[in-house]
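Working notes, beginning with the structure itself.
The values are calculated or read from the model by the stated rules, or taken from the named source; none is laboratory data. Not measured: the values here are computed from a predicted model. Note that each Cβ is placed from the backbone with ideal geometry, even for glycine, and that neighbours are counted across all protein chains shown. Note: areas computed on protein heavy atoms with side chains; ligands, DNA, RNA excluded. Shrake-Rupley method; radii C 1.70, N 1.55, O 1.52, S 1.80 Å.
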Amino acid sequence: MPTPTGADFTAARSALGYLHQVRYALVLLLRAPNAESNISIEKLDDIAFEEDGEAVELLQTKHHVTHTGSLTDFSIDLWKTLRVWAVSARSGIFDLDSVILSLVTTASAPGDSAAAQLRSDRGRNTAAAIDKLRKAGEASTNATVKQAFAEFQALAPVEQERLLACIRVLDNAPDIIEARQLLEDRLRYSTRQQFLSGLCDRLEGWWFSRAVEHLRNPTLIKGIPQRLVQVQINDLAEQFRRDNLPNDFPFPLEVDESNLSSDERVFVEQLKLVLVSNERIKRAISDYYRAFQQRSKWVREDLLLDRELDIYETRLITEWEEHFLRMKEDLTEQANHAETGRRLYNNVIDMPRHIPIRPAFPDPFVMRGSFHILANSLKIGWHPQFRERLAHALEIAMRSVG
């Protein structure tokens, strides 16, 4: 396996930093005591809490792949953060009398450092921190530190003191893996233990999608409120009840026959036998794929009970048999077999009485797609002579995967 280049590793670290920022924002929002808390990302700062449009807490996040980083007085992370906040203070982006500025870092601040003096514990000493930062800024030859120190020095001494009074250093913060553990800890009362990981995965999927919308259009989506996240948690928790299952594929897919492998074409041939239109065949392929992926996901995550899928398919076959036998009873020599089979298909696929895999699962795509999965193996069919007509097609399909 090739060794990653330095550039690749830098990109990976940056990507992890952004993912950590978004994940940690969710953890912070769920921790907030106020249900009306509203959080933004990369708007006023890396992460920001706002109330009535005003910033009440800004957070800079610094993620390291390992916890070996050190927040010394010459730390680039520290000075970059100080520069951002010094510029923002001069620009009036926040009110130094009411805002909290938090530096969240996975690195550790040495006991004699300026950063250590800015922790939120009893040892906090802003005067000592200012003195240490001034000495480090004057002594450093690093261009980044010198530029940041110049921005800090552009503030009047009293403003420098006010700025540092707002700063809270939260070192040894959880990394991206530990942040996930914190998230699961916050959700542990929302569902049973065996479903916690699945619920957390789905919440994060929704959260990252929502964060992307916010980042793309921050003027329209100014932030994400805690109450909206709680609604999503409640909805997901409902899906993990004993009478329900999570719906991970709620929307139709844009697929057609060319997307099918050779062993997946039998159910399409079934539909062509009864002259179903091309547009409806595309819808059937979408249902087939959605149901196949959803059922596979449930199985992988161990969300189904023992033999639950077999029992469900037996229910569907039994329902189909009743309709199929009625069709055969009414069949005459003069009957148009394709037309008769299409009526059977319509009656079964669009039956008013949806047969859910569990009582509270609302979406019929699993039922429709499961009928197509059964039709693909010729366990059911629509044309009165479907087995005779398609046995050869099934044999060819099975040989292609054998």
In this structure, does residue 47 turn out to be over 20 Å from residue 119 (Cα atoms) and not aromatic (Phe, Trp, Tyr)? no
In contact with a Leu (Cβ under 7 Å, 6 or more places away or on another chain) and not basic (Lys, Arg): which single residue out of 341, 369 fits that description? 341
Residue hits (region 109-144; surrounded by 13 or more Cβ atoms within 10 Å (Cβ to Cβ), closer than 25 Å to residue 95 by Cα and of a type in the set (A, V, I, L, M, F, W, C)) are 114, 115, 116, 118, 128, 129, 130, 133
Of the listed residues (397, 375, 391, 338), the one being modelled with pLDDT under 90 and either within 22 Å of residue 252 (Cα to Cα) or over 37 Å from the mean Cα position of the chain (by Cα) (or both) is 391
Go through (1) in contact (Cβ under 8 Å) with a residue 60 or more places away in the chain; (2) not in a loop (DSSP other than H, G, I, E, B) for residue 268 and report which single condition fails. (1)
Just checking, which of 293, 230 is over 23 Å from residue 350 (Cα atoms) and open to solvent by 60 Å² or more (accessible area, probe 1.4 Å)? 230
Do you know which residues across region 344-393 are of a type in the set (Gly, Ala, Ser) and touching a residue at least 24 places away in the same chain (Cβ under 8 Å)? 360, 369, 370, 375, 377, 381, 393
Being outside any helix (DSSP H, G or I) and either in contact with a strand residue (DSSP E or B) (Cβ under 6 Å, 6 or more places away or on another chain) or hydrophobic (A, V, I, L, M, F, W, C) (or both) is the filter here; which residues of region 140-178 pass it? 154, 155, 156, 167, 168, 169, 170, 171, 172, 173
Does residue 155 satisfy the condition of being over 41 Å from the mean Cα position of the chain (by Cα) and either more than 18 Å from residue 76 (Cβ to Cβ) or buried (at least 19 other Cβ atoms within 10 Å of the Cβ) (or both)? yes
Where residue 62 falls short, out of the listed (1) surrounded by fewer than 23 Cβ atoms within 10 Å (Cβ to Cβ); (2) under 27 Å from the mean Cα position of the chain (by Cα): (1)
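Rundown of residues vs (1) part of a helix (DSSP H, G or I); (2) among the charged types (D, E, K, R), yes/no style:
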position: 80; (1), (2): yes, yes
position: 85; (1), (2): yes, no
position: 103; (1), (2): no, no
position: 110; (1), (2): no, no
position: 127; (1), (2): yes, no
position: 130; (1), (2): yes, no
position: 133; (1), (2): yes, no
Kindly indicate whether residue 72 is part of a helix (DSSP H, G or I) and either of a type in the set (Ser, Thr, Tyr) or open to solvent by 70 Å² or more (accessible area, probe 1.4 Å) (or both). no
Out of the residues in region 324-344 that are touching a helix residue (DSSP H, G or I) at 6+ places or on another chain (Cβ under 7 Å) and open to solvent by less than 40 Å² (accessible area, probe 1.4 Å), state the one that is nearest to residue 272 (Cα to Cα). 338
Could you tell me whether any residue of region 84-91 is of a type in the set (D, E, K, R), closer than 28 Å to residue 146 by Cβ and at pLDDT 95 or above? no
Give me the pairs: first residue in region 227-252 and touching a residue at least 12 places away in the same chain (Cβ under 8 Å) and within 19 Å of residue 365 (Cα to Cα), second residue β-branched (Val, Ile, Thr) and open to solvent by less than 20 Å² (accessible area, probe 1.4 Å), beta-carbon distance under 8 Å, and six or more apart or on different chains, which are they? 245/357
Before we move on, is residue 177 among the β-branched types (Val, Ile, Thr), more than 30 Å from residue 52 (Cβ to Cβ) and open to solvent by 20 Å² or more (accessible area, probe 1.4 Å)? yes
How many residues are touching a Ser or Thr at 6+ places or on another chain (Cβ under 9 Å) and exposed (fewer than 13 other Cβ atoms within 10 Å of the Cβ) when one looks only at region 257-285? 1
Of all residues in region 1-49 being of a type in the set (D, E, K, R) and more than 21 Å from residue 179 (Cβ to Cβ), which is modelled with the lowest pLDDT? 8
In region 205-245, which residues are among the charged types (D, E, K, R), part of a loop (DSSP other than H, G, I, E, B) and under 18 Å from residue 298 (Cα atoms)? 241, 242, 243
Test: residue 74 is farther than 23 Å from residue 212 by Cα and within 32 Å of the chain's Cα centre (by Cα): no
Exactly one condition in (1) β-branched (Val, Ile, Thr); (2) within 17 Å of residue 249 (Cβ to Cβ); (3) open to solvent by 20 Å² or more (accessible area, probe 1.4 Å) is false for residue 366; which is it? (3)
